[in-house]
1. Just need a number here: residues in the stretch 53-72 that are buried (at least 21 other Cβ atoms within 10 Å of the Cβ) and closer than 19 Å to residue 129 by Cα.
2. Out of the residues in the stretch 108-154 that are charged (D, E, K, R) and out of contact with any strand residue (DSSP E or B) (no Cβ under 7 Å at 6 or more places or on another chain), state the one that is farthest from residue 86 (Cα to Cα).
3. Of the residues 133, 104, which is surrounded by fewer than 15 Cβ atoms within 10 Å (Cβ to Cβ), of a type in the set (Asp, Glu) and in contact (Cβ under 8 Å) with a residue 60 or more places away in the chain?
4. Could you check residue 118 against (1) without any contact (Cβ under 8 Å) to a residue 12 or more places away in the chain; (2) outside any helix (DSSP H, G or I) and say which number it fails?
5. Residue 14 is checked against (1) modelled with pLDDT of 90 or more; (2) surrounded by 21 or more Cβ atoms within 10 Å (Cβ to Cβ); (3) under 10 Å from the mean Cα position of the chain (by Cα) and fails just one. What number does that condition carry?
6. Is it true that residue 114 is more than 17 Å from the chain's Cα centre (by Cα), among the charged types (D, E, K, R) and within 19 Å of residue 19 (Cα to Cα)?
7. Exactly one of these conditions fails for residue 95: (1) β-branched (Val, Ile, Thr); (2) in contact with a helix residue (DSSP H, G or I) (Cβ under 8 Å, 6 or more places away or on another chain); (3) within 24 Å of residue 67 (Cα to Cα). Give me its number.
Amino acid sequence: MIITQEEATARTAAPAEIAAPVLSGLERLLAPCYAEVVTTLALASLDLKLKRELDGLLATTERALELAGAPRAKAMAVVTPADPPPPMQILLSAVATREVGLDEARAAAAAALEGVQRRWPGCRARKELTVSERDTPWGRRPIYSLDLEVPQHR
């Protein structure tokens with residue numbers, strides 16, 4: 001599949017434009033001390049220029065997560081050579097400083113995702129927001145995770 005430079009740029013910008021508003025929607029409830037995004041991108045959707053700029057785009061995503069309410073953030077990319085290319089997947093995880101009801105957190109994530117869908121039609125949660133308790137550098141904390149999917153074409 002051949003895509004335009006504009007489509008490739010838009011797809012690579014997606015993690016910041018999708019994950020940051022969702023995290024912002026959860027920030028009031030969770031008061032995250034850390035957030036991370038792992039994005040799976042199809043190799044076919046990256047041209048040479050974007051491959052070279054991937055580190056900068058990940059840094060932009062980290063900064064967007066910080067602006068959305070996480071004092072510390074990390075963004076990572078997994079590039080897959082799968083053919084046919086799969087939809088882009090974005091896994092957003094937030095280490096919370098307080099635990100809230102799962103229903104309340106899911107409602108906040110769904111409301112934030114509705115706003116994202118106006119800019120990114122077809123973006124959807126692959127499954128509902130989940131929470132698990134884990135040992136972290138900040139002690140034992142709840143970690144809220146949302147697995148998102150972005151179709152190949154916007």
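1. So the count comes out to 3.
2. Initially, the stretch 108-154 is screened for residues charged (D, E, K, R), giving 114, 118-119, 124, 126-128, 133-135, 140-141, 147, 149, 154.
If we keep only those that are out of contact with any strand residue (DSSP E or B) (no Cβ under 7 Å at 6 or more places or on another chain) as well, we get 114, 118-119, 128, 135, 154.
Details: 114: 23, 118: 22, 119: 20, 128: 20, 135: 32, 154: 14 Å.
Taking the candidates together, the pick is 135.
3. On the way: 133 fails: in contact (Cβ under 8 Å) with a residue 60 or more places away in the chain.
Answer to the check: 104.
4. Unmet for residue 118, out of (1) without any contact (Cβ under 8 Å) to a residue 12 or more places away in the chain; (2) outside any helix (DSSP H, G or I): (2).
5. Here residue 14 clears every test but (1).
6. Working: more than 17 Å from the chain's Cα centre (by Cα): no; among the charged types (D, E, K, R): yes; within 19 Å of residue 19 (Cα to Cα): yes.
Spelling it out, it is not the case that residue 114 is more than 17 Å from the chain's Cα centre (by Cα), among the charged types (D, E, K, R) and within 19 Å of residue 19 (Cα to Cα).
7. Result: residue 95 fails condition (2) only.
Yes/no matrix, rows are residues, columns are (1) in contact with a strand residue (DSSP E or B) (Cβ under 9 Å, 6 or more places away or on another chain); (2) closer than 23 Å to residue 127 by Cα:
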{"residue": "39", "(1), (2)": "yes, yes"}
{"residue": "51", "(1), (2)": "yes, no"}
{"residue": "56", "(1), (2)": "no, no"}
{"residue": "66", "(1), (2)": "yes, no"}
{"residue": "73", "(1), (2)": "yes, yes"}
{"residue": "77", "(1), (2)": "yes, yes"}
{"residue": "88", "(1), (2)": "yes, yes"}
{"residue": "92", "(1), (2)": "yes, yes"}
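The values are calculated or read from the model by the stated rules, or taken from the named source; none is laboratory data. Just so it is clear, the structure is predicted and the values come from calculations on it, not from any experiment. Here the Cβ is made from the backbone with ideal geometry for all residues, glycine too, and neighbour counts use every protein chain on show.
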